[in-house]
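Below you'll find the structure, written out as structure tokens, and then a few comments.
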2 protein chains.
Amino acid sequence: MESKFQALKSRLMEVDDLSSAAGLLYWDQSTYMPPGGAAARARQTATLTRLAHEKFTDPGVGKLLDELGPYEESLPYDSDEASLLRVTRRKYERAIKIPLEFTAEVANHTSESYQVWTEARPANDFARVRPYLEKTLDYSRQAANFFPGYEHIADPLIEPRDYGMKAADISRIFANLREELVPIARAITAQPPADDACLFKNFPEAKQFEFSMDVAQRFGYELQRGRRDQTHHPFMTKFSLGDVRITTRSRENKLSDALFTTLHETGHALYEQGIRMELEGTPLARGTSSGVHESQSRLWENIVGRSRGFWHCFYPRLQSIFPMQLGDVSLDEFYRAINKVERSLIRTDADEVTYNLHVMLRFDFELAMLEGNLEICNLPDAWRERFEADFGIVPPDDKDGVLQDVHWYFSLIGGGFQGYTLGNILGSQFFAAALAAHSEIPAEIESGEFGSLHTWLKENLYQHGSKYTAPEIIERATGTSLSIEPYIAYLRTKYGELYELGD
Amino acid sequence: MESKFQALKSRLMEVDDLSSAAGLLYWDQSTYMPPGGAAARARQTATLTRLAHEKFTDPGVGKLLDELGPYEESLPYDSDEASLLRVTRRKYERAIKIPLEFTAEVANHTSESYQVWTEARPANDFARVRPYLEKTLDYSRQAANFFPGYEHIADPLIEPRDYGMKAADISRIFANLREELVPIARAITAQPPADDACLFKNFPEAKQFEFSMDVAQRFGYELQRGRRDQTHHPFMTKFSLGDVRITTRSRENKLSDALFTTLHETGHALYEQGIRMELEGTPLARGTSSGVHESQSRLWENIVGRSRGFWHCFYPRLQSIFPMQLGDVSLDEFYRAINKVERSLIRTDADEVTYNLHVMLRFDFELAMLEGNLEICNLPDAWRERFEADFGIVPPDDKDGVLQDVHWYFSLIGGGFQGYTLGNILGSQFFAAALAAHSEIPAEIESGEFGSLHTWLKENLYQHGSKYTAPEIIERATGTSLSIEPYIAYLRTKYGELYELGD
């Protein structure tokens, strides 16, 4: 058994080597690759991704998993070995159900669709992408139907990103959240907006980076096992547990870009750097779901990085770096500026209160499209109506409406959005649990220390990688299942202090 | 046939994708990878290299090559298709003769040997590496013996790098060269050395880079299809014909480092960027041999980049960039400084005259070791004796003697050195042929133009990639087989003007 287990691990390691190399191809493409490399790079990425898939779905993997069944049953559920077999089997059984030709066909289609979208969006031309989107929806349904027996057609599409959550669960959670959130957002946006002009002065980029990377390291991000580069779209990527990188974006005339994208990606990176080295090279060596992953970027970016306590410690430093720009801006003014809430058109620019309304709109539309209750041709109108209902404003065009996000034009419809809001909810839930265990955390944050919080998160969440599903790890770490209460309480307290919330 | 040819091309493209990704893993490791990534990176590189080898030596490739034999015979020798089949067959037949387990065993051994060398060299401790080197020699003989029927045991080891050249040919060429070179080197080094103090002032690195990359671009290096980064050991690497990168090294207090490593690597890059796009992704899309490749780095670095004509144009610019450092240094002084000839211990620091003596020593020793005429235990003494005979000085220790180069401690013994001197010889031979076709080249160089030279090299050499072997392309481009005469003439003219050469 031991030798069969090792044989399986070797195969998984080979898959991981191929996937990590594909990851590096992407990182390089986004950071340093000269433009002339693009055509070959697309081919190289496709080859490595395909080979990784072929190696993972090789019948030999299935045979080893079968033969190792009794071994798994003989081991404790919590053991690394049983967890590896359990999680690998789950992923294997999913992977073998999707024919390679289908994946290749979809990849061809979405790459074409993406090209069209890059031109259609600036031209505000939904009609151009419509046939592509219709075909994408068709592919999305076909993809779901490789997994018959689902409760909701979106379930099989949600599964690979948020295993253990079904469309019905998420819809219920989102409906409850929306009920609480809409009045809060409405109460805030009825008041005069915060003045955030202080964030839009001229801030030399090198200094922005230095400050934000200093904070990232204080959070616990290790540069011996990581690095930061500049890209148009910020992201976190991992090539091994010893090499977890972030990329960020900066603008000279917008302080918040480099700062908060760095803290956001640092949150993702802390999760990956915190995984136990014993899980290296296996399917367990990554965060367990998109929602749980996003909870860590949100926790470090928003709950910590936009808190008054944090800036109590760090604002004087920021002022000393930018004395001309911030010398006469008080801590209170700055704090209000970085927590400005407003009704805006663009999801990625949204604040932490209204962000979820953007997400829920998309999630609901995904379900409706997949169900057949929302036709692509009606999407732009539906978008405007729902937007007006939720935000009280109507997008003036499709460019900043239904065309704004790349997701539907670049991959399948379904499963791509819920993680953002699940992350907001879970960030608060994990933070509240850490606080319950370590009441000294707020005082530590005020003095620029993050050790208790980081250690609690490593012990209760990060180290386990994907050993436990999202519902399992939430229960283990916080003692309850997913709950919106800590998040609502967090928003009420924080924004109640900043604005009149009524009620 | 057409479809079989396409099937073969697809397989080769897949091999190329894997090799290119392995190349990127190495580039990243040398430039930006955080230290924590090292362990996994070694594994990832080994996996991709092994998969590329497995895919290339798959019996399906051999079967296609067999089936395509008649097709190849029906095509002109010069056609891309016939060339692809011919070169692929040659490489395939070599590759299948080396067992994968042997390659893995050697890789393990050399990686261990390399580790030991990194400690033994600074400690001047040849005894520590001796057992590793003995084993390496044993492996080198075994490797050669996978190819029975050789004339000289080094031939099969030289073949993959300098196909078409045998140990006997190279020995003969080197013996002739040595006969000419030793008296020249002796005559020069008997005279007072040139004063090169002007190169060792303080030169801010950013400005060094800017100047040298400006020159690289004027030579014809396209940054749309390339880029430059900083590494400890400079190199050129290619991920596709649209992505040919160089790395260089700089020192603030040594102007020549960044400058000449850039021009050297640019020469390699011009060769790769000049390959016809039709050959992309196939075994034809790379330089044809180590000697021919090196001829291009030497041509652009030395024949152009250390010529008086070149600096006639570029020295005033360099002076305007470094007015404090070079303002009172005349063109003549500068020209003498960058062409200083001296008896030095270290190959990589050697000038273009004495460099070859370093190389020939190593080449002769490789042959002797492989023949069994030089035992590893006698190597340090043999080194000292030969060094004294060639250079008139004795290395004071092994650190700067037999331990100085990584080659023998990192890969097999045999075939790793001859390319450097073949490159010097061929650089002059190609340059002379270009000059014969375009007498305006020297005048162009004096005015900072390199179009005629670059175009001649592209047309006669670069575009063909590996379609022709080194002997074939030398004959095609220069009208004769390899000849040391242009090189000797070049040295006599250039150094005769700088020093008394007697004779």
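The values are calculated or read from the model by the stated rules, or taken from the named source; none is laboratory data. Remember, predicted model here, so these are calculated numbers, not experimental data. For neighbour counting, all protein chains shown are included, and Cβ atoms are generated from backbone atoms with ideal geometry for every residue, glycine included. Heavy atoms of the whole protein, side chains included, go into the accessibility calculation; ligands, DNA and RNA do not. Shrake-Rupley method; radii C 1.70, N 1.55, O 1.52, S 1.80 Å.
Quick notes on this one:
- Rg/Rh ratio calculated on Cα atoms of the protein assembly as shown (Kirkwood radius): 1.01
- Alpha-carbon gyration tensor eigenvalues x 5, square-rooted, for segment B:293-412, Å: 37, 16, 12
- Taking label positions 7 Å along the Cα-Cβ direction at both residue A:317 and residue B:101, the computed distance is 5.7 nm, reported to one decimal.
- Chain B: relative contact order as a whole-number percent, Cα under 8 Å and 6+ apart: 20 percent
- Pseudo-label separations to other copies for residue A:205 - Cα-to-Cβ vector, 7 Å, nm: 2.0
- Segment A:354-437, accessible surface, carbon-and-sulfur percent (1.4 angstrom probe): 51 percent
- Note on segment B:132-180: Cα-Cα pairs beyond 11 Å make up 70% of the total pair count.
- Building the convex hull from the alpha-carbon atoms of chain A and averaging its projection over directions returns 23.3 nm².
- Our Cα-only numbers for segment A:160-270 put the radius of gyration and Dmax at 18.3, 48 Å.
- Kyte-Doolittle mean at least -1.0, axial Cα span of 24 Å or more - DSSP H helices of chain A: A:2-31, A:38-56, A:100-120, A:126-144, A:167-189, A:255-273, A:355-371, A:418-437
- Taken along the Cα-to-beta-carbon direction at a fixed 7 Å, the label points for residue A:128 and residue A:73 span 5.9 nm.
- About the centre of its Cα atoms, segment B:406-503 shows a dipole size close to 420 debye [charges on the beta carbon of Lys, Arg (+1) and Asp, Glu (-1) only; nearest 20 debye].
- Listing of segment B:1-48 residues, each with accessible area lower by at least 50 Å² in the full protein assembly than in the chain alone (probe 1.4 Å): B:14, B:17, B:24, B:32, B:34, B:43, B:44
- Over all other residues within a Cβ to Cβ distance under 15 Å of residue A:29, the charged ones net out to +1, with Lys and Arg as +1 and Asp and Glu as -1.
- Lys, Arg +1 and Asp, Glu -1 on Cβ, resulting dipole of segment A:18-105 about Cα centre, debye, nearest 20: 440 debye
- Binned Cα-Cα distances of segment B:81-229, short to long, each 10 Å bin given as a whole percent: 8, 17, 19, 33, 20, 3
- Share of alpha-carbon pairs per 5 Å distance bin for segment B:1-115, given as whole %: 2, 10, 17, 19, 16, 12, 9, 7, 4, 2, 0
- Using distinct alpha-carbon pairs, which all enter the 1/r mean, Kirkwood radius of segment A:21-73 in Å: 13.3 Å
- Here the accessible area is traced with a 1.4 Å probe on the protein chains. For segment B:241-334, carbon and sulfur cover 51 percent of it.
- Between the residues A:75, A:456, A:189, the greatest Cα displacement towards the positive end of the dipole of chain A, with unit charges on the Cβ of Lys, Arg, Asp and Glu, is found for A:75.
- Estimated dipole of chain B in Debye, rounded to 20 [Cβ of Lys and Arg +1, of Asp and Glu -1, Cα centre]: 760 debye
- Applying the criteria of a DSSP loop state and at most 15 other Cβ atoms within 10 Å to the GluC sites (Glu not before Pro) of segment A:98-172 yields A:151.
- Plainly put, the tip 7 Å out from Cα toward Cβ on residue A:134 is 7.8 nm from that tip on each other copy, the closest given first.
- Given chain B, longest segment not containing exposed loop chymotrypsin sites (Phe, Trp or Tyr not before Pro) (DSSP; at most 15 other Cβ within 10 Å): B:147-503
- Eligible aspartates and glutamates near residue A:201 by straight Cα distance, threshold 16 Å, same-chain separation 8 or greater: A:252, A:257, A:328, A:333
- Checking the cross-link pairs A:91/A:399; A:4/A:238; B:63/B:467; A:63/A:458; A:340/A:467 against a 30 Å limit on the alpha carbon distance flags A:91/A:399; A:63/A:458; A:340/A:467 as lying beyond it.
- Taking Cβ atoms as reference points and 9 Å as the exclusive limit, the residues near residue A:41 contribute a net charge of -1, counting Lys and Arg as +1 and Asp and Glu as -1.
- Axis-nearest residue in chain B [Cβ, rotation onto A], distance in whole Å: B:21, 2
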